[in-house]
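The values are calculated or read from the model by the stated rules, or taken from the named source; none is laboratory data. Predicted model only: the values in this text are computed from it and were never measured. For neighbour counting, all protein chains shown are included, and Cβ atoms are generated from backbone atoms with ideal geometry for every residue, glycine included.
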Amino acid sequence: MQDTANIAVLVSGGGTNLQAILDASAKGDIPHGQVCVVISDRSDAYALERARKSGIPAFEINKKACSSQKVFEEKLTECLSEHGTDMIVLAGFLSILTADFTARYKRRIINIHPSLIPSFCGAGYYGLRVHEAALSRGVKVTGATVHYVNEIPDGGEIIAQKAVDVLPGDTPEVLQRRVMEQAEWILLPKCVEYVCQEIVRQ
Ligand code: GAR
């Protein structure tokens with residue numbers, strides 16, 4: 001039985017959720033796992049910088065430069081295997097993964113989504129767009145969800161959710177920040193530890 005699980009974090013953007021995982025890990029809050037690699041599907045992701053600053057191997061697999069989704073997922077799989085990956089965290093990773101890929105990591109891929117699923121989720125709902133949709137609909141409560149990843153975008157089993165109030169005068173940017181601070185950065189490291197525990201107990 002292994003003591004800790006190797007975590008790969010997949011990113012596309014600023015990487016504040018990656019940072020929350022790295023900070024939690026540094027504080028000893030993820031005792032059953034360690035981040036072994038960070039992979040971005042875009043070259044300009046600041047998340048890569050954050051990984052390198054923490055001494056974590058960081059790679060870009062530029063999806064646009066791949067001739068097909070199959071080639072992209074092959075490169076991804078190769079990099080994940082090279083780093084002995086046990087679990088994958090999608091932390092603001094905006095590429096869709098096929099059923100072929102997700103089936104190989106059943107209950108070992110988790111995603112953070114910035115709303116209370118099933119609201120404002122699925123294809124086309126990512127980043128600020130989610131908060132724009134919540135504000136347009138006039139909901140008074142939103143939040144974040146961590147779920148297992150399967151072949152349906154945002155459709156896998158829910159692991160945890162946290163509610164956040166929408167306040168008068170919120171802009172999408174203000175709401176996004178509140179959801180990150182009050183929900184995402186707290187929920188995601190806890191769920192990472194939970195799934196790592198499940199893996200090492202198997
Ligand atoms: C986060 O709010 C995350 O929940 C969201 O993108 C942002 C990435 O920020 N993910 C999605 O919308 C996925 N559908 P970060 O790069 O600073 O962590």
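Within region 80-134, being surrounded by 16 or more Cβ atoms within 10 Å (Cβ to Cβ) and β-branched (Val, Ile, Thr) holds for Thr85, Ile88, Val89, Thr102, Ile109, Ile110, Ile112, Ile117, Val130. Restricting the first member to region 158-174 and to residues that are under 29 Å from Tyr194 (Cα atoms) and assigned to a strand (DSSP E or B), and the second to residues that are modelled with pLDDT of 95 or more and among the basic types (Lys, Arg), the beta-carbon pairs closer than 6 Å and six or more apart or on different chains are Val164/Arg178. Taken together, the criteria exclude Val195 from residues that are within 12 Å of the ligand (Cβ to nearest atom) and buried (at least 21 other Cβ atoms within 10 Å of the Cβ).
For first residues located in region 110-130 and under 20 Å from Asp170 (Cβ atoms) and near the ligand (Cβ under 8 Å from one of its atoms), partners that are at pLDDT below 95 and part of a loop (DSSP other than H, G, I, E, B) and lie 6+ apart or on another chain with Cβ distances below 6 Å form the pairs Tyr126/Leu94. Among residues of region 183-197 that are farther than 10 Å from Asn17 by Cβ, those with a beta-carbon under 6 Å from a residue that is small (Gly, Ala, Ser) at least six positions away or on a different chain give the pairs Ala183/Gly143; Ala183/Ala144; Cys191/Ala160; Cys196/Ala5; Cys196/Gly33.
Any residue in region 98-109 that is touching a residue at least 60 places away in the same chain (Cβ under 8 Å) sitting within a Cβ distance under 7 Å of a residue that is in a loop (DSSP other than H, G, I, E, B)? List the pairs, counting only those 6 or more apart or interchain. Partner pairs satisfying both residue conditions: Arg108/Asp86. Quick check: anything in region 143-152 modelled with pLDDT of 95 or more, within 19 Å of Gln197 (Cβ to Cβ) and touching a Ser or Thr at 6+ places or on another chain (Cβ under 6 Å)? Within region 143-152, one or more residues are modelled with pLDDT of 95 or more, within 19 Å of Gln197 (Cβ to Cβ) and touching a Ser or Thr at 6+ places or on another chain (Cβ under 6 Å). Selection of region 18-63 for residues being at pLDDT below 95, farther than 16 Å from Leu80 by Cα and more than 14 Å from the ligand (Cβ to nearest atom) yields only Ser43.
Scanning region 122-149 for residues that are part of a helix (DSSP H, G or I) and among the aliphatic types (A, V, I, L, M) turns up Leu128, Val130, Ala133, Ala134, Leu135.
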